[in-house]
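**Q** Take a look at this one; I'll ask things after.
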């Protein structure tokens, strides 16, 4: 079953975040192996998937329906992400009957950390990061908020080291997993 809510990224997973492990769980749950989870929005997850799909199909204009079918994600959610990615220059959006989307720049020029910053809400990881919405009386003296800030900076520092080209280097394996379900069933 494919995740439809939010992408959960174990801290010590592929982005080498071992140095950022918190001694507490950010969302009250720990992952297998004692790792803690950081939750990105589904929107960010979908935006990254759209970019990956386009990077895996550089020779053609991709229809959002193709991306929807490959990932099992609502086309409406993907359209919203594709629109913003186009406005940011990551995608070229082509309108019309034969339209679709394709990368607006080379995959090695698309930084994963930058994309995540653009697609995540406002960077208010916890309430105290947003002065206008904070109701916590501990603001300014709380060590926990500093821990979160340090961890988040380290998280983004790791994402900033990775390009779209880096996360699509294993293209054959990725493409095999993205075959529509009917095609996978025929192969077995």
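Where a number appears in this text, it was derived from the coordinates with a stated rule and is not lab data. Predicted model only: the values in this text are computed from it and were never measured. Virtual Cβ from ideal backbone geometry, glycine too; neighbours counted across all protein chains shown.
**Q** Please say if the range 41-100 is rounded, prolate or oblate, where rounded means a/c under 1.5 for a ≥ b ≥ c the square roots of the C-alpha gyration tensor eigenvalues, and otherwise the choice is prolate for a/b larger than b/c and oblate otherwise?
**A** rounded
**Q** Going by how many other beta carbons lie within 10 Å of each one, how would you line up 60, 49, fewest first?
**A** With the fewest neighbours first, 60, 49 line up as 60, 49.
**Q** What FRET efficiency would be calculated for the residue pair residue 136, residue 160, taking the C-beta separation as r and a Förster radius of 22 Å, to the nearest 0.05?
**A** 0.15
**Q** Quickly work out the residue 102-to-residue 80 label distance, labels modelled 7 Å from Cα along the C-beta direction, and quote it in nm with one decimal.
**A** Result for the modelled spin labels: 2.8 nm.
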